[in-house]
Amino acid sequence: MKQDLVMPVVKSEGGEDYTGATVIEPIKGYYDVPIATLDFSSLYPSIMMAHNLCYTTLLQVGSAEKYGLSPEDFIRTPTGDHFVKASVRKGLLPEILENLLCARKRAKTELKKETDPFKQKVLDGRQLALKVSANSVYGFTGAQVGKLPCLEISQ
């Protein structure tokens with residue numbers, strides 16, 4: 001998977017407020033009305049893959065015109081940032097996430113077939129590690145003190 005990429009050195013200035021993923025604590029009690037919950041499989045990695053969010057696809061102000069891109073070639077996020085669509089150039093992070101999630105799916109399939117309790121624990125640990133790794137890709141883009149922050153991706 002050689003892509004000949006150069007990653008820019010980004011100086012973290014800090015100070016920008018960033019709020020991570022939202023987790024709503026349940027309110028304990030008895031309810032006499034139906035309660036619905038939604039749980040999305042790999043929500044943040046799925047969003048990053050669907051919208052091709054990556055350092056390698058982020059367009060700086062004026063870049064679309066510079067590279068001759070039409071509005072159909074990129075998406076605009078709710079925060080006003082622009083990312084090239086995968087049909088133009090697939091991002092490195094979406095590709096990594098795709099590999100991690102495919103490997104997790106394979107581990108879960110193997111886990112269902114496995115009968116040896118020890119091997120089941122190993123496979124369960126593997127799929128969990130792959131899940132955490134995929135979620136961490138989103139997480140490190142929002143880490144202001146990390147080596148690869150990119151708030152345009154994590155917001």
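The values are calculated or read from the model by the stated rules, or taken from the named source; none is laboratory data. If you're wondering where the values come from, they're calculated on a predicted model, not measured in any experiment. Every residue, glycine as well, gets a Cβ built from its backbone with ideal geometry; the counts of neighbours run over all protein chains shown.
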Scan the helices (runs of 4 or more DSSP H) fully inside the stretch 76-155 and keep the ones with 1 or more residues being at pLDDT 95 or above, under 14 Å from residue 51 (Cβ atoms) and not polar (S, T, N, Q). 92-113
Only one of 115, 79 is exposed (fewer than 14 other Cβ atoms within 10 Å of the Cβ), more than 26 Å from residue 6 (Cα to Cα) and among the polar types (S, T, N, Q). Can you tell me which? 115
Long-range neighbours under 7 Å by Cβ, at least six apart or interchain, first residue over 15 Å from residue 43 (Cα atoms) within the stretch 97-110, second outside any helix (DSSP H, G or I): none
Please verify whether the stretch 141-153 includes one or more residues that are touching a Cys at 6+ places or on another chain (Cβ under 8 Å) and among the polar types (S, T, N, Q). yes
Among what's in the stretch 48-76 and is of a type in the set (A, V, I, L, M, F, W, C) and free of Cβ contacts under 8 Å to residues at least 60 places away in the same chain, pick the residue that is nearest to residue 5 (Cα to Cα). 59
Just the residues that are surrounded by fewer than 16 Cβ atoms within 10 Å (Cβ to Cβ) and over 8 Å from the mean Cα position of the chain (by Cα), please, taken from the stretch 44-64. 50, 60, 61, 62, 63
For the stretch 36-54, what are the residues that are in contact with a Leu (Cβ under 7 Å, 6 or more places away or on another chain) and not aliphatic (A, V, I, L, M)? 42, 45, 54
